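Please read the structure below before turning to the comments.
The values are calculated or read from the model by the stated rules, or taken from the named source; none is laboratory data. The model shown is predicted, which means the values in this text are computed figures rather than measured ones. No Cβ is skipped: glycine too gets one built from the backbone with ideal geometry, and neighbour counts run over all protein chains shown.
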Amino acid sequence: MQTRRQMLFTVGLSAAGALLVGCNLLNDGKPAAPVRRKAPPAGTPLGDFVAIGRDGSVRLFAKNPEIGQGSKTLLPMLIAEELDVAWDAVFVEFAAVDAKRFGPQFAGGSMMTPMNWEPMRQVGAAARALLVSAAAGRLKVEPSTLRTEAGHVIDASGKKIPYGELVAEAAKLPPPDVKSLTLKPKSAYRILGKPKAGVDTDAIVHGDPLFGIDTEVEGLRYAVYVKAPVYGAPLVSADLAAAKAMPGVEEVFALEGVAPPKDGQIGLAPGLAPGVAIVGRNWWQVNRAREALNAKWADGFGAQHDTGIYAARAAELLKGRGKPHERIGNVDAALGQAARTVVAVYDAPFIPHLTLEPQNCTARPTAKGLEIWAPTQFPQDGQAVVAQTLGLKPDQVTVHMRRCGGGFGRRIMNDYMVEAAAIARHVKGPVKLLWSREDDVAFDYFRPGNTHRLRAGIDADGKVIAYDVHGVSYSRGGKLVDGGELFLNAQPPFLVPNYRLEKSLIETIVPTGWVRAPISNTLSFVHECFWDELAAAAGKDPLAFRLEHMKARFDSPVSKPGPEGAPFDVRRMAAVLELVGKRSGWGAAKRPAGTGMGIATYFSHLGYFAEVAQVKVAADGAWRVEKVWVVGDCGSIILNPSGANAQVQGAVLDGISQLRQEIRFEKGRAVQTNFDAVPMLRHSAAPEVDVHFHLTDHPPTGLGEPALPPIIPAVVNAVYDATGARVRTLPLTAERIQAARTTRAA
C-alpha cells in the first residue's frame, strides 16, 4: 500500500502536465528533497508561548486549532514580529489544551485575528522586554539604550548579543506589566504583512502524520460506531454474534447512549447517541462487519420529518403571521403608501459540511481518566463534554489538538470525541474511531434550511420605503436549532426606514449546526437576491441602486451593534461596492449571449465584502462561473497576504459549491450520504478569482468566512442577468433555471 507521501508524488507526476504540488524539480526532472525544518531543542521557556534555545532557535506555541485557516502560522507570526526574531529561526507546535494558561482555544466565527491581534503581539513584546532587561543587566546600561533585531539585542556601539545567550537570565526576571509594553508601528514590521507559507506545508505535502486520522499509539485498535439512520431512534435488536464472527473483529457491543444536558446548546453538548461499536485491528474489516450486524431500529420515529412535509409546513406558516422578532418604523403604513409592492418567497435547503477528513478521534484510558487526540475546532468544549457525558471531571480528560482536514464548523460538534472515549473506556484500551464517508455525510450537523416570504414597498422615486420579512426556521425540543437564527445582518434594516422581521419555527429531529459563514450563507442569498429584484422593479442598475440607498445614509453611517456585536458602517460597504464595480468593469462592456454579471454585498464576521460574478448559462440551463471579482475591507493590514488570498479564494469556491448542494430527508434519515450525491466544485470548473483588499483605519479582522456570503447571491443574480430567469429556490440546478425561464415566458 502506498503511503500518502508516495501517493502525492505518484498522482503529481502522472497528472496531465506533470503537476507537482509543493515540491521542486532537479534538472533531471526528479522531485528534489524538500527543505525540512527540524524541531529544535526544547529551549528555555519565556512564559507559555515562547521557548528559546541556546543556539538561537525559537519555539512558538500556537494556541488555536488549525483547520486550514492558517492559525498555526498566523498566531506565531504575531508573536515573532514583536519578539523580533527571524522567521526562519522559528519552529511552531500546538500548545496544550489548557484554558488557564492559554485562554479560549477554538476555531470558528473568523475570530482568531480580532481576538488575538493584540494579545499575541503583547506576548512577543513581553518576551522581548525580558531579553532586553537581561542584556541591560549584563551590560549595566539602561534598557532604553538597547534595540533588537533578528534574534539579537544590540547596544549603542553595535555590539550584538544573541537571544540564546540571554534566555537563561531573562527567564529568571519577573514578567513586565502589559501596560508598559510599546508595540511596533506598522512601518517597522518585518514579518507581518509579508506572504508566509504555512508552517506545515512541507510536512503535509510529504505525508507527515499531522492530522487526527494519522494518530498512532501503542496497542491501538480501530472502531466503527453504528447508529440509527433516523436521528434519535433507539436500537431494537442486532446480531452481535454474527458481527463478531467476521474476520478481524475482536469486540462487538451496544452502548445505550446518554442524552445531552437540557441546559446546554444542542450542538456543543451532543451527549452520546445509542449505537453498536465494532472493534478490531483493521478498520476495513471492522467496517465490513457492520453488514452482518443486521441492526433494527425503532420504526416511525422520524415519520413526520420529510423534506416534503417540511416544505408543506413552511408554506402553510407563511400564509399567516409569525412571531415578532425585529421592528423599525411602521411597515404597514409604508406599504400602504408605496407606488409599487414586490413580493417573493425564497427557499434554502439543508446542506452538509463535507470535510475531506472524515470525523475521527483516538482515545486511550489512563490511570487518571482519558487521553484524547482529536481534530477538533473546540478542544476545550470537547474536553468538557467528554467529561460530562462519561461522569468524569474535566481535569481527568487530556486533549491533544491534531490538525483538522477541514472543519467549516463541523468539528465544533465533538460527538466523535464522546463516541471514541466511550468505546475506549469500554474496551479498556486505546481505540481510533474512524467514521466512514457515508457516516460522515449522513450523521452531519447540517446547516438548516429556511424559507422566507418578503414584501417590499418602493416609492415613486424608486426608493425602498418598507421591507417586510417572515422567516421560517427550525426548532428542536422547542428550542431554536443551531444555525437556524433569523437575524438580518445585512443591508435592509440599515438602509430602509420601515422594517419588520417575523419568524415561525418547524420542529425537527435533524441535528443542525454551523457551516462556514453560518447563518449569513443563507440569509445573503435571500436578501441580496431580493434586493436585486427591487432594483429591477425600480428600473435601476443593481449596483447603482445599492449605492444610492447607501449614500442616503451617509449622514448617519454607523448603525447600532448587530448580532455579532459590531455596528454596520455604510461608508465602508459603499467603498468596497464602488471598488468592485470598477475592478470588474461593471456595465462597461456588452457580454456574449447567455453570459451575465451579478453583484452582491454582505457584512459578516466583521468584514465588508462586495463581489461580482460572471456566469455563463447554456441553452439547457447548465451554468458555470467564469470569473469572480472580490473586494474586501478587513481593516488596516493583511497580516499574511498568502493565507489571506487563499482564504478568500477558498471561500468563493466553497460558496459556489454550496449553490449546488442539498440534503433531503425521508422519514428522518438523510437521502444523500456520499460525495457522489452532493456535488462539489471540480478543478476544471473553478473560476478565476480576482481578490483586492481595501485597507482602512480599523483593526484587522478574520478572513475565513466573510468572503463567502456574497458569492451565492452574486451568482444567482448573474443567472438572472444572463437569462431573465429569477431562481428563488436552491440548489441552483439547470432544471430550476429552465423552469424559471418557462415561468417568465408564460
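A few comments on the model shown:
- Some residue of region 163-172 being in the same structural domain as Leu60 (by TED's automatic domain parsing), surrounded by 14 or more Cβ atoms within 10 Å (Cβ to Cβ) and touching a His at 6+ places or on another chain (Cβ under 8 Å): yes
A quick yes/no check of all residues on (1) more than 25 Å from the chain's Cα centre (by Cα); (2) surrounded by 24 or more Cβ atoms within 10 Å (Cβ to Cβ); (3) closer than 30 Å to Ala442 by Cβ:
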| position | (1), (2), (3) |
| --- | --- |
| Thr595 | yes, no, no |
| His605 | no, yes, yes |
| Val631 | no, yes, no |
| Ile638 | no, no, no |
| Ala651 | no, yes, yes |
| Gln661 | no, no, yes |
| Gly668 | yes, no, yes |
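- Among the residues of region 674-712, just one is within 15 Å of Arg660 (Cβ to Cβ), buried (at least 23 other Cβ atoms within 10 Å of the Cβ) and of a type outside the set (Val, Ile, Thr), namely Leu708.
- Number of positions in region 330-374 that are touching a Lys or Arg at 6+ places or on another chain (Cβ under 9 Å) and in a strand (DSSP E or B): 20
- Boolean, Glu485 is surrounded by fewer than 23 Cβ atoms within 10 Å (Cβ to Cβ) and over 21 Å from Val631 (Cα atoms): yes
- Conditions (1) hydrophobic (A, V, I, L, M, F, W, C); (2) under 25 Å from Val427 (Cα atoms); (3) in contact (Cβ under 8 Å) with a residue 60 or more places away in the chain; number of the one not met by Ile278: (3)
- Enumeration of residues in region 548-560 that are hydrophobic (A, V, I, L, M, F, W, C) and crowded, with 17+ Cβ neighbours inside 10 Å: Met550
Residues are listed down the side, and each one gets a yes or a no for (1) among the aromatic types (Phe, Trp, Tyr); (2) crowded, with 19+ Cβ neighbours inside 10 Å:
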residue: Arg281; (1), (2): no, no
residue: Ala303; (1), (2): no, no
residue: Tyr310; (1), (2): yes, yes
residue: Gly329; (1), (2): no, no
residue: Val342; (1), (2): no, no
residue: Ile351; (1), (2): no, yes
residue: Ala367; (1), (2): no, no
residue: Ala374; (1), (2): no, yes
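- All positions within region 367-400 that are closer than 17 Å to Lys63 by Cα and among the small types (Gly, Ala, Ser): Ala374, Gly382
Okay, residues lined up against (1) among the polar types (S, T, N, Q); (2) over 21 Å from the mean Cα position of the chain (by Cα); (3) not in a loop (DSSP other than H, G, I, E, B):
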site	(1), (2), (3)
Val691	no, no, yes
Thr696	yes, yes, no
Ile711	no, no, yes
Ala714	no, no, yes
Pro731	no, no, no
Ile737	no, yes, yes
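- Cross-chain or 6+ apart pairs with Cβ under 8 Å, region 679-690 first and without any contact (Cβ under 8 Å) to a residue 60 or more places away in the chain, then in a loop (DSSP other than H, G, I, E, B): Pro679/Arg660; Pro679/Gln661; Leu681/Arg660
- When Ala593, Ala574, Ala535 are screened for being outside any loop (DSSP other than H, G, I, E, B) and free of Cβ contacts under 8 Å to residues at least 12 places away in the same chain, only Ala535 passes.
- Some residue of region 136-145 being at pLDDT 95 or above, over 30 Å from Ala566 (Cβ atoms) and β-branched (Val, Ile, Thr): yes
- Restricting region 37-91 to residues that are acidic (Asp, Glu) and assigned to a loop (DSSP other than H, G, I, E, B) leaves a set whose member that is farthest from Ala171 (Cα to Cα) is Glu66.
- Subset tally (residues that are over 23 Å from the mean Cα position of the chain (by Cα) and outside any strand (DSSP E or B)) for region 435-490: 7
- Of all residues in region 607-621 being surrounded by fewer than 23 Cβ atoms within 10 Å (Cβ to Cβ) and in contact with a strand residue (DSSP E or B) (Cβ under 9 Å, 6 or more places away or on another chain), the one that is farthest from Gly704 (Cα to Cα): Ala618
- Checking each residue in region 197-250 for being more than 15 Å from Asn294 (Cβ to Cβ), surrounded by fewer than 18 Cβ atoms within 10 Å (Cβ to Cβ) and among the hydroxyl-bearing types (Ser, Thr, Tyr) picks out only Thr201.
- Taking the listed residues Arg402, Arg447, Arg455, Arg437, the one that is closer than 30 Å to Asn287 by Cα, in contact with a helix residue (DSSP H, G or I) (Cβ under 8 Å, 6 or more places away or on another chain), touching a residue at least 60 places away in the same chain (Cβ under 8 Å) and surrounded by fewer than 24 Cβ atoms within 10 Å (Cβ to Cβ) is Arg437, with no other qualifying.
- For Glu419, the conditions (1) on the phi > 0 side of the Ramachandran plot; (2) in the same structural domain as Ala273 (by TED's automatic domain parsing) all hold with the exception of (1).
- None of Gln359, Gln337 is of a type in the set (S, T, N, Q) and surrounded by fewer than 22 Cβ atoms within 10 Å (Cβ to Cβ) except Gln337.
- Residue that is modelled with the highest pLDDT, among those in region 540-571 that are under 28 Å from Gly483 (Cα atoms) and part of a loop (DSSP other than H, G, I, E, B): Ala566
- Taking the criterion of being free of Cβ contacts under 8 Å to residues at least 40 places away in the same chain and farther than 19 Å from Phe91 by Cα, the residues of region 181-215 that qualify are Pro185, Ser187, Ala188.
For every residue, the table says whether it meets (1) touching a residue at least 40 places away in the same chain (Cβ under 8 Å); (2) within 18 Å of Ile351 (Cα to Cα).
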site: Tyr467; (1), (2): yes, no
site: Ser475; (1), (2): no, yes
site: Asn498; (1), (2): yes, no
site: Ser504; (1), (2): yes, no
site: Thr512; (1), (2): yes, yes
site: Pro518; (1), (2): yes, yes
site: Phe525; (1), (2): yes, yes
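- The listed residues are Glu326, Glu419, and the only one of them that is among the charged types (D, E, K, R) and closer than 30 Å to Leu486 by Cβ turns out to be Glu326.
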